[in-house]
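Have a look at the structure below before the remarks.
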Amino acid sequence: MANRIVFKGYAEQPLDSISKYSARENKDLLFFDPDNITDFKSLVGKKDSSSYLFEFIQTMWGNDEIYEYILSSDIDIDLTLFGDIKEGTIQKLNIKYQYTQKKGLFSRYLYNVLFEYKNERYYLFVKTIAPRLPKILNTITSNYSL
């Protein structure tokens, strides 16, 4: 069983960050702003009419890894591929989300998360050293609404 969705066949181009893109395009997009970032990468993926914005953030030399995708409307995600679907709420924004949880190698916790915010769909894959998905999700922020 795979751990996360991999988007194959998409042409990827560098992006400065979702935060800067959000400000440039005057869009209220969510992005992560945790402490102790040790690695970062941002891309735009395109294939035909489908596209996504992507950001990877690693904190504390690998303790947490966050893969964030903001998806075009024609990209479908099936969380049942990763196990039983659970529900939660991002407390600071009162956003309902669906997620799966799996215990990975080396005491890692693997989460696949889906939610919507202001007509944008978000897919997250979070790898962490402790079962702390709610804490990580509360590091999410925006240039506009928070």
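Among the residues of the stretch 37-50, which ones are without any contact (Cβ under 8 Å) to a residue 24 or more places away in the chain, out of contact with any Asp or Glu (no Cβ under 8 Å at 6 or more places or on another chain) and surrounded by 13 or more Cβ atoms within 10 Å (Cβ to Cβ)? Spell out the reasoning first.
So the first thing to find is which residues in the stretch 37-50 are without any contact (Cβ under 8 Å) to a residue 24 or more places away in the chain, and the list is 37, 39-41, 48.
Subset that is out of contact with any Asp or Glu (no Cβ under 8 Å at 6 or more places or on another chain): 37, 39, 48.
Passing the criteria: only I37.
Across the stretch 95-143, what is the total count of residues that are open to solvent by 10 Å² or more (accessible area, probe 1.4 Å), touching a helix residue (DSSP H, G or I) at 6+ places or on another chain (Cβ under 8 Å) and without any contact (Cβ under 8 Å) to a residue 60 or more places away in the chain?
Selection size over the stretch 95-143: 6.
Select from the stretch 8-23 the residues that are in a loop (DSSP other than H, G, I, E, B) and surrounded by 13 or more Cβ atoms within 10 Å (Cβ to Cβ) and write down the one among them that is farthest from the chain's Cα centre (by Cα). Steps first, answer last, please.
Narrowing the stretch 8-23 to residues in a loop (DSSP other than H, G, I, E, B): 8-10, 15-17.
Add one more test, that the residue is surrounded by 13 or more Cβ atoms within 10 Å (Cβ to Cβ), and what stays is 10, 15, 17.
Details: Y10: 17, L15: 16, S17: 13 Å.
Filtering first and then ranking leaves Y10.
Yes or no: the stretch 32-48 includes at least one residue that is of a type outside the set (S, T, Y) and touching a helix residue (DSSP H, G or I) at 6+ places or on another chain (Cβ under 6 Å).
Within the stretch 32-48, the subset of a type outside the set (S, T, Y) is 32-37, 39-41, 43-48.
Still in the running and touching a helix residue (DSSP H, G or I) at 6+ places or on another chain (Cβ under 6 Å): 36.
The answer is yes, given that some residue of the stretch 32-48 is of a type outside the set (S, T, Y) and touching a helix residue (DSSP H, G or I) at 6+ places or on another chain (Cβ under 6 Å).
Given the criteria part of a strand (DSSP E or B), touching a residue at least 40 places away in the same chain (Cβ under 8 Å), under 24 Å from I129 (Cβ atoms) and touching a Lys or Arg at 6+ places or on another chain (Cβ under 7 Å), does E65 qualify?
Numbers: part of a strand (DSSP E or B): yes; touching a residue at least 40 places away in the same chain (Cβ under 8 Å): yes; under 24 Å from I129 (Cβ atoms): yes; touching a Lys or Arg at 6+ places or on another chain (Cβ under 7 Å): yes.
Against the criterion (part of a strand (DSSP E or B), touching a residue at least 40 places away in the same chain (Cβ under 8 Å), under 24 Å from I129 (Cβ atoms) and touching a Lys or Arg at 6+ places or on another chain (Cβ under 7 Å)), E65 qualifies.
Note down all Cβ pairs under 6 Å where the first residue falls in the stretch 76-87 and is within 25 Å of S50 (Cβ to Cβ), the second is assigned to a helix (DSSP H, G or I) and open to solvent by less than 70 Å² (accessible area, probe 1.4 Å), and they're at least six residues apart or on different chains.
Filtered contacts from the stretch 76-87: I85/L79.
Of all residues in the stretch 81-99, which are hydroxyl-bearing (S, T, Y) and in contact with a Ser or Thr (Cβ under 8 Å, 6 or more places away or on another chain)?
Filtering the stretch 81-99 for residues hydroxyl-bearing (S, T, Y) gives 89, 97, 99.
Hit for the stretch 81-99 is Y97, nothing else.
Here is a yes/no grid of residues against (1) among the aromatic types (F, W, Y); (2) at pLDDT below 95; (3) within 19 Å of P131 (Cα to Cα):
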| residue | (1), (2), (3) |
| --- | --- |
| N3 | no, yes, yes |
| Y10 | yes, no, no |
| L15 | no, no, no |
| E55 | no, no, no |
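The values are calculated or read from the model by the stated rules, or taken from the named source; none is laboratory data. Owing to the predicted nature of the structure, the values given are computational and were not obtained by experimental measurement. Counting neighbours? That spans all protein chains shown, and the Cβs are built from the backbone with ideal geometry, glycine included. Areas reflect the complete protein model, heavy atoms only, side chains present, ligands, DNA and RNA absent. Shrake-Rupley method; radii C 1.70, N 1.55, O 1.52, S 1.80 Å.
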